[in-house]
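What follows is a single structure, written as structure tokens, with notes after it.
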């Protein structure tokens, strides 16, 4: 039974678990979206939401606590200057977990953990496709021009 168990130890020693939390929360704030297992996501979500709540009040004390829990000072600056102001109106629930399916090797459930206001860059993908298509068509035109010159000289 799961009585009086406050957290999931994730079958790791304390130092390894602490490092895992720090790495994953830092990555979540840096990229705003990470792909991981469901068990890890549920644990990381708790740490991340507590840090976002602290970051909503920008004080020296809260910054020092965030720096002690995260590896990268640039990520701490992003948390306080970019992420927390976006979450100012929100009372809680700063993260979202979306299920992807099972991993092939061990059937672990894989999820995406992201901030709720994360926006996927679809414009960049369409721009890349358009550039790739233009490059491909210009390559075909060059080949056609080369063939025409070869026919003319022959």
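What are the pairs, 6+ residues apart or on separate chains, where a residue within segment 88-106 that is touching a residue at least 40 places away in the same chain (Cβ under 8 Å) has its Cβ under 9 Å from a residue that is surrounded by 10 or more Cβ atoms within 10 Å (Cβ to Cβ) and assigned to a loop (DSSP other than H, G, I, E, B)?
93/116; 94/87; 94/116; 94/117; 95/116
Residue by residue through segment 81-111, note down the ones that are out of contact with any helix residue (DSSP H, G or I) (no Cβ under 8 Å at 6 or more places or on another chain) and surrounded by 10 or more Cβ atoms within 10 Å (Cβ to Cβ).
Once the filter is applied, which keeps residues that are out of contact with any helix residue (DSSP H, G or I) (no Cβ under 8 Å at 6 or more places or on another chain) and surrounded by 10 or more Cβ atoms within 10 Å (Cβ to Cβ), segment 81-111 yields 81, 82, 85, 86, 90, 96, 98, 100, 102, 103.
Being assigned to a helix (DSSP H, G or I) and either at pLDDT below 95 or in contact with a helix residue (DSSP H, G or I) (Cβ under 7 Å, 6 or more places away or on another chain) (or both) is the filter here; which residues of segment 54-67 pass it?
Residues satisfying the conditions are 54, 55, 62, 63, 65, 66, 67.
Determine whether segment 28-44 contains at least one residue that is at positive phi and out of contact with any helix residue (DSSP H, G or I) (no Cβ under 7 Å at 6 or more places or on another chain).
yes
Assuming residue 104 fulfils every condition listed in (1) at pLDDT 95 or above; (2) more than 17 Å from the chain's Cα centre (by Cα) apart from one, which condition is it?
(1)
I'd like to know if segment 119-139 contains one or more residues that are exposed (fewer than 15 other Cβ atoms within 10 Å of the Cβ), in contact with a helix residue (DSSP H, G or I) (Cβ under 8 Å, 6 or more places away or on another chain) and either part of a helix (DSSP H, G or I) or modelled with pLDDT under 95 (or both).
no
The values are calculated or read from the model by the stated rules, or taken from the named source; none is laboratory data. All figures in this text were calculated on a predicted structure; none of them were measured in a lab. Please note: Cβ atoms are built from the backbone with ideal geometry, for glycine as well, and neighbour counts cover all protein chains shown.
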